[in-house]
Amino acid sequence: LIVDVGTNAEIALWNGTQLFAASSPTGPAFEGAETSCGQRAAPGAIERIRINRDDLTCRYKVIGTEQWSNEDGFAEGVQTTGVTGICGSGIIEIIGEMRLAGILTDDGIIRAPETEAEQSVLIENGRTWSFVVREGTPRLVVTQNDVRAIQLAKAALYAGVKLLMDKAGLETLGQIKLAGAFGSYIDPAYAMLLGLVPD
């Protein structure tokens, strides 16, 4: 299976004798649109992110510098660009990390803070909760609507893959390749965690 992930996911599947192909309209959420702090992959965009399981604080890597935000030299590395938003690979990782850290429920709801310390990162947003990735200018927050946008995009992609598998008469896949300018930067572990592609 080869998947070119983007606003329109192009999917190709080889079952050993025939080639099947489809296009799955995932929408622009994977490319930084439709998310509150999303942006295109450019210097200043968060591309990798990890959440501390103890206090729910984030450390991240930004396009344009080699250092993570908790390493020496990071401030100097982003002095020109700043930290401006979260690009597609970062959005996928933050949603996955939120799930692993217990911030997101199985059905994708951002939970309320359970301790006083969590109140600084899990903030009320109308009738829902949001997760603060980074304080500063700009303040980067993942909202419940952001989670829903990613859920819709990944559901469209997964449905396209499953339809091709059904058409090809396959129940399992031997190999999956994520391709394209965006897809090649996705960490496969997070792609599987989010259900972008079958296990």
At 1.4 Å probe size, with every protein chain present, just tell me what the per residue accessible area of region 1-103 comes to in Å². 46 Å²
Of region 23-45, those with amide N under 18 Å from the point 7 Å along the Cα→Cβ vector of Asn145 are 27-40
What's the angle, to the nearest 10 degrees (0 to 90), between helix 144-168's Cα axis and the longest principal axis of the chain? 20 degrees
Amide H within-cut-off set for Arg48, under 5 Å, with H built and near neighbours excluded: Lys61
In the list [x] -0.67, -1.02, -1.11, -1.20; [y] -0.59, -1.10, -1.27, -1.44; [z] -0.61, -1.00, -1.09, -1.19, the entry giving log10 I(q)/I(0) by the Debye sum over Cα atoms at q = 0.12, 0.16, 0.17, 0.18 Å⁻¹ computed from the coordinates is [z]
Please list, in order along region 82-91, the HN-Hα scalar couplings obtained from phi with the Karplus expression 6.51 cos²θ - 1.76 cosθ + 1.60 (θ = phi - 60°), rounded to whole Hz, x for Gly and Pro. x, 10, 10, x, 10, 8, x, 5, x, 4
Tell me the carbon and sulfur percent of the accessible area for region 83-150, rounded to whole percent, probe radius 1.4 Å. 48 percent
Label 7 Å along Cα→Cβ of Thr80; region 18-55 residues with amide nitrogen under 18 Å? 41-47
Spin-label model distance (nm) - Asp166 vs Glu118, 7 Å beyond Cα toward Cβ: 3.8 nm
Once phi for every residue in region 34-47 is put through the Karplus expression 6.51 cos²θ - 1.76 cosθ + 1.60 (θ = phi - 60°), the whole-Hz ³J(HN,Hα) values, with Gly and Pro written as x, are 6, 10, 4, 10, x, 7, 6, 6, 9, x, x, 7, 6, 10
Using alpha carbons only, how many angstrom separate the centre of region 23-100 from the centre of region 128-199? 15 Å
Taking amide H positions as placed in the peptide plane 1.01 Å from N, state which residues far from Lys177 in sequence (5 or more) or on other chains have amide H under 5 Å from it. Ile2, Val3
How far apart, in nm, are the 7 Å Cα→Cβ label points at Gln175 and Arg53? 3.3 nm
Tell me, what HN-Hα J-couplings in whole Hz come from the Karplus equation 6.51 cos²θ - 1.76 cosθ + 1.60 at θ = phi - 60° for each residue of region 173-190, using x for Gly and Pro? 10, x, 8, 10, 10, 9, 10, x, 4, 9, x, 5, 9, 6, 6, x, 4, 6
Overall form of region 35-133 per C-alpha gyration tensor (a/c, 1.5; a/b vs b/c): prolate
Non-local residues with an amide H under 5 Å from the amide H of Val133, with H modelled 1.01 Å from N and Pro and chain starts lacking one, are Leu140, Val141, Val142
According to a simple spin-label model (label point 7 Å from Cα along Cα-to-Cβ), what is the distance in nm between Trp14 and Arg40? 3.3 nm
Hits among lysines - C-alpha to C-alpha of Lys177 under 17 Å, sequence gap 8 or more where chains match: Lys154, Lys162
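The values are calculated or read from the model by the stated rules, or taken from the named source; none is laboratory data. A quick note: this is a predicted structure, and the numbers were derived from the prediction, not measured. Glycine gets a Cβ as well: all are built from the backbone with ideal geometry, and neighbour counts include every protein chain shown. For the accessible areas, the whole protein counts, side chains as well, though only heavy atoms, and no ligand, DNA or RNA atoms are used. Shrake-Rupley method; radii C 1.70, N 1.55, O 1.52, S 1.80 Å.
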